[in-house]
Amino acid sequence: MIKPCVILNGQVINIGPWDYQIKTIEISPEMFDDNGNKIDEARFQEVVSNPLPDGAVIEELDIAEDTNGGQYVIGTAPQESNLQKIDRLLHELAVARQKQDLMQLALDDLILGGVV
């Protein structure tokens, strides 16, 4: 699917429309005369509280979705979530520990000549 993407310094920093976080603020209140009659309406202005970063551009790019609902630009590797990174590192640690245990058993066998 094609979606707008915000690109800054060659990196996609946002997939989908940019959230400018437009807020309406009152710039002048209603005005009343001494008798309580309204003489002027309140005036409001919309302001952007989250502008697009300087140098950022918006481009339409082809987007895919991974099995966890994460989105990424087609042709790039999906980014690992922090939870996925932790799971991967724990698995790598477990594999390393198994290798260490097997090496220790082999070393013990070599040193003790198979007598345990």
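The residues listed here are Asn68, Asn50, Asn35; of these, the one that is touching a Phe, Trp or Tyr at 6+ places or on another chain (Cβ under 6 Å) and in a loop (DSSP other than H, G, I, E, B) is Asn50.
For first residues located in the range 1-22 and among the aromatic types (Phe, Trp, Tyr), partners that are open to solvent by 70 Å² or more (accessible area, probe 1.4 Å) and lie 6+ apart or on another chain with Cβ distances below 8 Å form the pairs Trp18/Ile58; Tyr20/Val48; Tyr20/Pro51. Quick check on the range 23-46. Is at least one of its residues open to solvent by 80 Å² or more (accessible area, probe 1.4 Å) and within 30 Å of Leu83 (Cα to Cα)? Checking the range 23-46: not a single residue is open to solvent by 80 Å² or more (accessible area, probe 1.4 Å) and within 30 Å of Leu83 (Cα to Cα). Every condition in (1) part of a loop (DSSP other than H, G, I, E, B); (2) open to solvent by less than 50 Å² (accessible area, probe 1.4 Å) is met by Ile63 except one, and the failing one is (1). Scanning the range 1-30 for residues that are charged (D, E, K, R), in a loop (DSSP other than H, G, I, E, B) and touching a strand residue (DSSP E or B) at 6+ places or on another chain (Cβ under 9 Å) yields a single hit, Glu30.
Quick one: which of Val73, Val116, Val95 is β-branched (Val, Ile, Thr), open to solvent by 90 Å² or more (accessible area, probe 1.4 Å) and modelled with pLDDT under 95? Working first, answer last.
Numbers: Val73 fails: open to solvent by 90 Å² or more (accessible area, probe 1.4 Å); Val95 fails: open to solvent by 90 Å² or more (accessible area, probe 1.4 Å).
The conditions single out Val116.
The values are calculated or read from the model by the stated rules, or taken from the named source; none is laboratory data. Quick caveat: nothing in here was measured; it's all calculated off a predicted structure. As a convention, Cβ positions derive from the backbone with ideal geometry for all residues, glycine included, and neighbour counts pool all protein chains shown. SASA here: full protein model, heavy atoms, side chains in, ligands and nucleic acids out. Shrake-Rupley method; radii C 1.70, N 1.55, O 1.52, S 1.80 Å.
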